Amino acid sequence: MIRGQRPPPRDQALKKIFLLAFSIMLATDSSFAQSDYRLGSGDLISIVVFDEPELTMEVRVSKTPTTYPFLGQVGLDDRNLAEVESQIMEGLKGDYLIEPRVSISVIEYRPFFITGEVASPGSYPYQLGLTLRKAITLGGGFTERASKSKIIVTRGGEGSEQRIQMSEPVFPDDVITIEQSFF
């Protein structure tokens, strides 16, 4: 192809198909679907009511309900985004707005925790796509005494301990414990 010349239509179509397939793959990451995500204390969310800037706000989720304009107390903790969207939409519909369009998204997830035999134990901000391997790296890596086979993850809210592989996902509120090796 000559420099400055437009690619043939077939190449443009292939690029569009590739970009569409890639977007779908990212949107359907089964390890962490934002729509199924249950909000918890510490999450920072954005509530947007289209064309209504006075009803748009950022809110840090807590165990106690949040005060929202015209609706009063709205519970956010342990609810998914669709439930909160629906509650706000239904509350605003009729008396205040005819057809409110509401969008809720997570701006910042609550942290995960790593303890035991890592260089820097503590809490770390959750990031989408986080795996056990990446979480240990954020914690500074294994210490000399760390057991690479005795890693326990306690899932936030569930309280159930489980062993997971290095490539498996870590979620907000998870507590990762790296035990000590005896050899």
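The values are calculated or read from the model by the stated rules, or taken from the named source; none is laboratory data. Since the model is a prediction, treat every value here as computed from it, not as a measurement. Virtual Cβ from ideal backbone geometry, glycine too; neighbours counted across all protein chains shown.
The single condition from (1) charged (D, E, K, R); (2) in a loop (DSSP other than H, G, I, E, B); (3) in contact with a strand residue (DSSP E or B) (Cβ under 7 Å, 6 or more places away or on another chain) that Glu85 fails is (2). Among the residues of region 88-112, those identified as crowded, with 18+ Cβ neighbours inside 10 Å and out of contact with any helix residue (DSSP H, G or I) (no Cβ under 9 Å at 6 or more places or on another chain) are Gly91, Tyr109, Arg110. Among the residues of region 113-133, those identified as buried (at least 16 other Cβ atoms within 10 Å of the Cβ), out of contact with any Pro (no Cβ under 7 Å at 6 or more places or on another chain) and not in a loop (DSSP other than H, G, I, E, B) are Phe113, Gly116, Val118, Leu132.
Kindly indicate whether Phe142 is closer than 14 Å to Gln180 by Cβ, surrounded by 13 or more Cβ atoms within 10 Å (Cβ to Cβ) and not basic (Lys, Arg). Yes. Between Gly129, Gly156, Gly122, the distinction of being more than 15 Å from the chain's Cα centre (by Cα) and among the small types (Gly, Ala, Ser) belongs to Gly122 only.
Whenever a residue of region 60-75 is surrounded by 12 or more Cβ atoms within 10 Å (Cβ to Cβ), its partners that are in a strand (DSSP E or B) and among the acidic types (Asp, Glu), lying with C-beta atoms within less than 9 angstrom and at least six residues away or across chains, give the pairs Arg60/Glu108. Among the residues of region 137-183, those that are without any contact (Cβ under 8 Å) to a residue 60 or more places away in the chain and touching a Phe, Trp or Tyr at 6+ places or on another chain (Cβ under 6 Å) comprise Leu138, Val170. Could you check region 149-178 and list, in sequence order, the residues that are farther than 12 Å from Gly116 by Cβ, crowded, with 17+ Cβ neighbours inside 10 Å and of a type in the set (A, V, I, L, M)? Listed by number, the list holds a single entry, Val170.
Residues are listed down the side, and each one gets a yes or a no for (1) in the same structural domain as Asp173 (by TED's automatic domain parsing); (2) at pLDDT 95 or above; (3) assigned to a strand (DSSP E or B):
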| residue | (1), (2), (3) |
| --- | --- |
| Phe70 | no, no, no |
| Asp77 | no, no, no |
| Glu99 | no, no, no |
| Ser147 | yes, no, yes |
| Ile151 | yes, no, yes |
| Gly157 | yes, no, no |
